[in-house]
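Q: Below is the structure I would like to discuss, written out as C-alpha cells.
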Amino acid sequence: MELLGCCFEVQSVTTSFKLSSATHGNALKDLMEDAHKDDNLDTRATSRVGIEVDNEEGSAAESEDDDKESEKEKKVTAKTRRGNARGRARKDSEEEEETRTAGQHRQRNRRAQRKQAGNEDSDSDGESCKNKKNRENQISKQQEPNEDGEEDNKGGRKGRGKNETKQGKKPDEKGKKEKDNKKKDKKKNGSSSSDSDSEEEPITEEELAKLKEEVEEKKKLIATLRNKPWQMKKKLDVLKEAQLFVEKFEGALGKGKGKKFYAYKVMMTKKWMKFQRDFENFKTACIPWEMKIKEIESHFGSSVASYFIFLRWMYGINMILFGLTFGLVMVPEVLMGKPYGTLPRKTVPRGEERTAMNFATLWDFSGLAQYSVLFYGYYNNQRTIGWLKFRMPLSYFLVGVGTIAYSYMVVIRTMARNANEEGGGDDTSFNFSWKMFTSWDYLIGNPETADNKFASITTSFKEAIVEEQENRKEENIHLTRFLRVLANFLALCTLAGSGYLIYFVVRRSQKFALEGLDNYGWWERNEVNMVMSLLGMFCPTLFDVISSLENYHPRIALRWQLGRIFALFLGNLYTFIIALMDEINLKLEEEKIVKYNMTIWEASLYNGTISENATAPPIQVDPADIPRGPCWETMVGQEFVRLTISDTMTTYITIIIGDFLRAVFVRFFNYCWCWDLEYGFPSYSEFDISGNVLGLIFNQGMIWMGSFYAPCLPAINVFRLHTSMYLQCWAVMCCNVPHERVFKASRSNNFYMAMLLFILFLSTLPAVYTIVSIPPSFDCGPFSGKTRMFEVISETLENDFPSWFGKVFNYASNPGLILPFILLMVLSIYYLNATSKSYKEANLDLKKKLQSQAEENKKRNKQKAQQSREMEENSLEAKPKQQGSKQDSAADQGAQKGRGDKESKKKTSHQQEASPSQQHGPGPNAHYSLHGRGGSLAPPSHIAVTRPPVPRGYGMPGYSPRNPRFEGFPGGHPRMPRGTPNYR
Amino acid sequence: MLKEEREFLAVFNFSYLNIQPSCKDKGKEQWDKNQDSETEMGNKQTIFTPEQLDAYQDCTFFTRKEILRLFYRYRDLAPQLVPLSYINKPDVKLPYELIGSMAELKDNPFRQRIAEVFSEDGEGNMTLDDFLDMFSVLSEMAPRDLKAYYAFKIYDFNNDDYICKSDLEKTVNKLTRNELTPEEVSLVCDKVIDEADQDNDGKLSVEDFQHMIVRAPDFLSTFHIRI
C-alpha cells in the first residue's frame, strides 16, 4: 500500500508537469544549462539515461538505498503538491486557454510515447490504452526476475554519468522531467535492454531521438503558433518559452537551420500567393466589362446580368469571326488584289457615278460601298493574288465554311460545358448559410463598392427567398394545371393566327410582285413589313398577359415567354427568306438577259472597230462602261447589312425613347402631375430580358446567314455589340428599375444557347443552299466562271496537290465509304448518349443518397443528444455499473472515461484502482497509469454528456494524434472533454 | 481640446527625446526621414527590438516589413497617443472609434464586432498586439480553421458561444441594411438554422458553423483584409 501511494505521488508529479508548462520550462532551463556546458554528446546522453533509470526505480517503487534518491523523492512530493494546487487553481479560474496548453503538452507527450511504442497507432485511445496496459503488465512481470542485474547496470551507469558531468543535482531534476514524460517507455527500454543484455548505446540513441523529437515538437509549436486562436500576449509567452527550450536543446543537438528554412519557405509561399493574387486580379481585369456586369448584377439580379453575360459571349464569338474574315479575306484582297478601277466588278458603273459618294447612297450600302471590299462582288476570280500566291477564292470559300463550322463548334461546346456544370450542380445544402456568412467581402474598402455589395447581398437574399417561396408554394394544382393548359392553348392560337397571317400576306405580296408593284399603293407595297412589325409589337405583350395566367416561377415564365416570342419571330425569318429567294430568282433571270446582251455588246464592239483581227490588242474600254450582271450575291449581302443596321438603329432608338425619355419624363414631370408617375401608370421601365435576348439571337442569325456574301458583316456586328454593351449598361443603370420579383438566372445560359443553336441551324440552311445549288454570277465575285461555288475545292485539289491525293480524295468521297462512316457516327452518338444518360442517373442516385444520409445523420445526432441528456440525469446511478461492463465503441469509452475522471477527483485512490483492475485483470502496476493521471487533469465532464459523445475530430478518440491541437477548435467548445486523459 | 492635444504632443516629444539616444548611430535626418517613409528598414530597431520583431513574426503571418507597416498604420490613427517605441511595451490602447475609422474597416458592417472580438477588453479598444492579431487572422495566409473560429466569434453577437436566431437576425440586417422585411429576415434565419444546425438545438454551435463553413467555396477569399 505504501508503495502504491508513492507511485501515485510520482504519477501526479507527471500530471502537474504536464499541466504547468511553466514548471516544465524552468526545470528544463536548468537542464539545458548543463547540457550546454558539455560538448560531448555521448557523455551527456549517458548521464541523462542513467538518471532516468534512477527515477524509474523510484517510480516503480524499487528499493532505494541511495541518499540522493531519497532526497529527490522529497522534492518530488513537494512538486506534486505544488503542481496539483496549481492545476486546481487553474481549473477553478476556468482559464480555458491554459488548460488547452496543458492539453497540448499532454498530447505531445502522449504522442511521443506512442511513437516510441512503435506500432501503436490505433485510432481509439481506449484500445491503445488497453494494449499499453497489457504490455505494461508483461513488462513488469519480466522485470522482476531481472531486477538485480538491471540495478547493477543502472548503478554503474549512473555513477559514470555523474562523474563525467560532475553535476549531480541538476541532472537529477532533468531526469525527473524526462521520466515524467516517458516513464513507461523507459521501463520498457529497461526491460528490453536487460533482456537483450545490450549496453548504453541503443538507449542513448533512443534518448537522443526522444530529445530531438521534443525539440521538433517545440519547433512545430513555434511554427504553428500563429495558427492558434490566442491573444497576442499568450502567444508571446508561449513563444518565449518554446524558443528557450529549442534554443538550448538545439545547441545540444547541433541543429539550428530549421527556422531559417521555415522563414524562407514562408517567404516563398507569401510571394507565390501574392503572385497568384496579382495574376487573378490581372485575369479579372482582362475580362471585358466584368465590373460593369457585376454592378448590374448587384442591382438588378442575375437574370438581367445573364443577358449581359450572353452579350459579352456573343461579342467574343463575333471578334473571332471578324478576325477570320478580316484577316483572311478583306486584308489580303486590299493589299494584294487588283486595285479599285481595274476591273468592271471593281468600278462603279457609269450610270451610278454621280450619286456614288452621296451619304444617302453610302448609308444604303450601294454606290461606292457596293463596289468595295465590303461585298462579295468586289473579289476577283484570279486563282492566286500577290507575291504570296494567296489563293483568294479558296480562302474566301474556306473562311465562309469555317465561320459556320466554328460557330457550331463553339456553341455546342459551350452548351456541353454548361450542361456539365449544371449536372455537377452546386451544393445548395447551405445556400442561405453561405449567403449569410460568406457573402460579405471583407476586402471592400470603398463606400461605393460597399453600397453595391449591400445591394447585391440584398438582391441575392431576395432571389433565394423567391426560390424558397416557390418551393413551398402549394396551391390548387388542378386550377393551375387548367390555367396552364388554357394559357398554352391561347398562345398556340395566337401563334397559329399570326403564322397564317404572315403566310397570307407573303402570298399576296408575291402576287403583287408578279403583276408589277407600280399598280399598287403604299400599303400594298409595304404590307409584309407592316404586318410583321405590328405582330412583333403586340404579340409579346399578349404573351405576357397570357403567361400571367400560368403562375410559373419567374425564371420558367421567362423561358416560356422566350420560346413563344421565338416561334413568332421564326415567321419573321420565314418571310425574310422567302422574299430573298424571290429576289434571287429575279436576279438570276435578269442575269441571263444581261449575259445575252453582253455577247451582243461585245460583238458590236469588235465589229465596229477592227473586224476579224484577233491579234490586235483588245480595245481599251473604261471598266465603268462595260455592262454587267446584277450580281445577286452582293444584293443578298447588302440586304443583310441593311437589315443589321436598321435593327441596330431600332434598338438604340427604342432604348433612348422607351427607356431614357420615359425615365426623364417620369422623373421630372412627377412634380407637376395629377398622379404619382413613379408608382402609377408609366413608371420606370423594367429591363426587357426576353426581347433583348431574342434581338441578340436573331441578329446573330442574320450575321451567320449574310457573312458569306458580305465579309464586312462581322465587323459591323462587333461594332454594334460593342456600342450596345455600353449603351445598354448605361441605360439599365440610369433608367430602369429592377424587376418586381428579382429572380435568379439559371447558372448556365443554356436556354439562350439552345435558341442560338437553333437559329444557327436555321441560318445555315439557306446559306448552304445558295452555295451548293445556285450558280454564282458570271461576272462578279471570287467564284465567277464556275458552275458552282464549291468547285473551288476540286480545282485546288487538281492543281495544288499531287495526283495521288486527288485519287484518295475521290475514293474517300465515294458513297460506299461515306455511308458506313455516317452509320458509325450515328452509332457512336447513340452509345455516348446512352452512357451519359446512365451516368446522369447514377449521379442523381448518389445525390439522393447523400441527402438522405445527411438527414439520417441529423436524426442520429438528435437522438444521441437526447440519450446523453438522459444519461446525464442517471449518471450517478448508472456509473458504477457501466464501469464494470465492457464497452464496445470507443466513443462510449471516451465519454465514460471522462465521467470516471470526474469521479476520481472526488473519491479516493481506492476507487481508481478498482475499475481498471476489473477491466484488465490483476496487474501490479496496471492501474496507476489510468485514472491517477487523468484524475487531476480531465475537465469537468458534465458537458460531455449534453453533447453527442463523438464529435468527429474534436479531440475525442477518433482524433488523430498527429494533428496539431488546433484542428479541432480548442477554444470553441470549452466544456468539451479535451481528448481522453493520458492513459499509458 | 487644444490643451489636451498639446499635452499629447508634449508626451510624444518626451518619448521622442527618450528614444533618440538609443539610435545614436543614425543621423537625425535619417530618423526624420524614417518617420515619413514607413517601409524604411533602417529604423526597425528603434520601434521594436529585433527579438520583439522576431516574436511578432512568429506569432503572426506577417513579415518584418508588414509588421512595421501595420505599426505605422496603427500609429497613424492617433499619432499623439502611440509612442514611437515599443521596446518598453507601453500600455497604449486606441478606442474603437479610431479603429473603426480605418479605411479597411470603415465600410464593413461587422467592424464593431471585429474590433470587439480581437480586443483584449472585449469593447473594441485595441492595443498594438490586438491590432496585429486582428490583421494576422484576416490576412490571406491564415488557415481556414483559424479564420472560421474568429468568424464564428464575430457573428456571435451576444458572446454566448452559440449563434442563435437573434445573432442571425442581426447579421442579416447588417448585411442588407434593413432592406428586408421582418418576415423575410425571419425566413432567412430559419433557413440558416435549418441548414446548418446539425444537432437540432435551434442554434449554431462552433461545430455546426465549422461544418458549414469548410464547405463554403468562397469563405477564404472573402474573410480576408488586405493591408
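The values are calculated or read from the model by the stated rules, or taken from the named source; none is laboratory data. The shown structure was predicted, so the numbers you read here are calculated from the model rather than taken from an experiment. As a convention, Cβ positions derive from the backbone with ideal geometry for all residues, glycine included, and neighbour counts pool all protein chains shown.
Q: Inspect region B:195-207 for any residue being more than 7 Å from chain A (Cβ to nearest Cβ), charged (D, E, K, R) and in a helix (DSSP H, G or I) and give the result as yes or no.
A: Within region B:195-207 (the criterion being more than 7 Å from chain A (Cβ to nearest Cβ), charged (D, E, K, R) and in a helix (DSSP H, G or I)), the answer is no, since none of the residues qualifies.
Q: Name the pairs: first residue in region A:465-488 and under 18 Å from residue B:194 (Cβ atoms), second residue acidic (Asp, Glu), Cβ to Cβ under 7 Å, at least 6 apart or on different chains?
A: Partner pairs satisfying both residue conditions: A:465/B:184.
Q: Okay, next question. If a residue must be within 14 Å of chain B (Cβ to nearest Cβ), in a helix (DSSP H, G or I) and either modelled with pLDDT of 85 or more or within 20 Å of residue A:559 (Cβ to Cβ) (or both), how many such residues does region A:469-495 contain?
A: Adding up the residues that qualify gives 3.
Q: Further question: Just to check your reading of the model, which residue among A:585, A:529, A:572 is modelled with pLDDT of 85 or more and either surrounded by fewer than 19 Cβ atoms within 10 Å (Cβ to Cβ) or assigned to a loop (DSSP other than H, G, I, E, B) (or both)?
A: Exactly one of A:585, A:529, A:572 is modelled with pLDDT of 85 or more and either surrounded by fewer than 19 Cβ atoms within 10 Å (Cβ to Cβ) or assigned to a loop (DSSP other than H, G, I, E, B) (or both), namely A:585.
Q: Given the options B:213, B:163, name the one that is more than 8 Å from every other protein chain (Cβ to nearest Cβ) and buried (at least 22 other Cβ atoms within 10 Å of the Cβ).
A: Sole residue among the options that is more than 8 Å from every other protein chain (Cβ to nearest Cβ) and buried (at least 22 other Cβ atoms within 10 Å of the Cβ): B:163.
Q: Another question, if that's okay. Could you tell me whether residue B:221 is assigned to a helix (DSSP H, G or I), at pLDDT below 85 and of a type outside the set (Lys, Arg)?
A: Yes.
Q: Follow-up question, since we're still on this one. If a residue has to be modelled with pLDDT under 90 and more than 30 Å from residue A:559 (Cα to Cα) to count, how many in region A:669-717 make the cut?
A: Within region A:669-717, residues that are modelled with pLDDT under 90 and more than 30 Å from residue A:559 (Cα to Cα) number 9.
Q: Scanning region A:439-468 for residues that are polar (S, T, N, Q) and under 14 Å from residue B:109 (Cβ atoms), which turns out nearest to the other protein chains (Cβ to nearest Cβ)?
A: Checked region A:439-468; the qualifying residue nearest to the other protein chains (Cβ to nearest Cβ) is A:458.
Q: Among the residues of region B:179-192, write down those that are part of a helix (DSSP H, G or I) and either surrounded by fewer than 14 Cβ atoms within 10 Å (Cβ to Cβ) or facing chain A (nearest Cβ under 8 Å) (or both).
A: Of everything in region B:179-192, those that are part of a helix (DSSP H, G or I) and either surrounded by fewer than 14 Cβ atoms within 10 Å (Cβ to Cβ) or facing chain A (nearest Cβ under 8 Å) (or both) turn out to be B:182, B:183, B:184, B:187, B:188, B:191, B:192.
Q: Looking at the structure I just gave you, is residue B:167 in a loop (DSSP other than H, G, I, E, B) and charged (D, E, K, R)?
A: Considered against the rule, which asks whether it is in a loop (DSSP other than H, G, I, E, B) and charged (D, E, K, R), residue B:167 comes out as no.
Q: Return yes when residue A:323 is under 27 Å from residue A:647 (Cα atoms) and not acidic (Asp, Glu) and no when it is not.
A: Spelling it out, residue A:323 is indeed under 27 Å from residue A:647 (Cα atoms) and not acidic (Asp, Glu).
Q: Counting just the residues of region A:597-642 that are of a type in the set (A, V, I, L, M, F, W, C) and in contact with a Lys or Arg (Cβ under 7 Å, 6 or more places away or on another chain), which one comes out modelled with the lowest pLDDT?
A: A:624
Q: From the list B:90, B:109, B:79, pick out the single residue that is assigned to a loop (DSSP other than H, G, I, E, B), within 24 Å of residue B:50 (Cα to Cα) and at pLDDT 85 or above.
A: Within the list B:90, B:109, B:79, the selection yields B:79.
Q: Please find, within region B:75-92, the residue that is surrounded by the most Cβ atoms within 10 Å (Cβ to Cβ) out of those that are within 13 Å of chain A (Cβ to nearest Cβ) and in contact (Cβ under 8 Å) with a residue 12 or more places away in the chain.
A: It comes out as B:86.
Q: With closer than 27 Å to residue A:740 by Cβ and surrounded by 12 or more Cβ atoms within 10 Å (Cβ to Cβ) as the only criterion, which of A:501, A:580, A:483 stands out?
A: The unique qualifying residue is A:483.
Q: Go through region B:114-126 and report how many residues are more than 7 Å from every other protein chain (Cβ to nearest Cβ) and surrounded by fewer than 20 Cβ atoms within 10 Å (Cβ to Cβ).
A: 4
Q: Residues of region B:168-178 being surrounded by 16 or more Cβ atoms within 10 Å (Cβ to Cβ) and facing chain A (nearest Cβ under 10 Å), which ones?
A: B:168, B:171, B:172, B:174, B:175, B:176
Q: Answer yes if at least one residue in region A:323-340 is basic (Lys, Arg) and part of a loop (DSSP other than H, G, I, E, B), and no otherwise.
A: Yes, some residue in region A:323-340 is basic (Lys, Arg) and part of a loop (DSSP other than H, G, I, E, B).
Q: Please enumerate the residues belonging to region B:127-156 that are at the interface with chain A (Cβ under 8 Å from one of its Cβ atoms) and among the aromatic types (Phe, Trp, Tyr).
A: B:149, B:150, B:152, B:155
Q: Looking for whichever is in contact (Cβ under 8 Å) with a residue 12 or more places away in the chain, closer than 22 Å to residue A:397 by Cα and not aliphatic (A, V, I, L, M) here; the options are A:778, A:801. Which one fits?
A: That would be A:778, the only listed residue that is in contact (Cβ under 8 Å) with a residue 12 or more places away in the chain, closer than 22 Å to residue A:397 by Cα and not aliphatic (A, V, I, L, M).
Q: On the basis of being assigned to a loop (DSSP other than H, G, I, E, B) and surrounded by 11 or more Cβ atoms within 10 Å (Cβ to Cβ), does residue A:766 make the cut?
A: Answer is no for this residue.
Q: Being at pLDDT below 80, more than 14 Å from chain A (Cβ to nearest Cβ) and under 24 Å from the mean Cα position of the chain (by Cα), is that true of even one residue in region B:19-36?
A: Scanning region B:19-36 turns up at least one residue that is at pLDDT below 80, more than 14 Å from chain A (Cβ to nearest Cβ) and under 24 Å from the mean Cα position of the chain (by Cα).
Q: Could you list all residues from region B:216-227 that are closer than 21 Å to residue B:136 by Cα and more than 7 Å from every other protein chain (Cβ to nearest Cβ)?
A: Within region B:216-227, B:220, B:221, B:227 meet the criteria.
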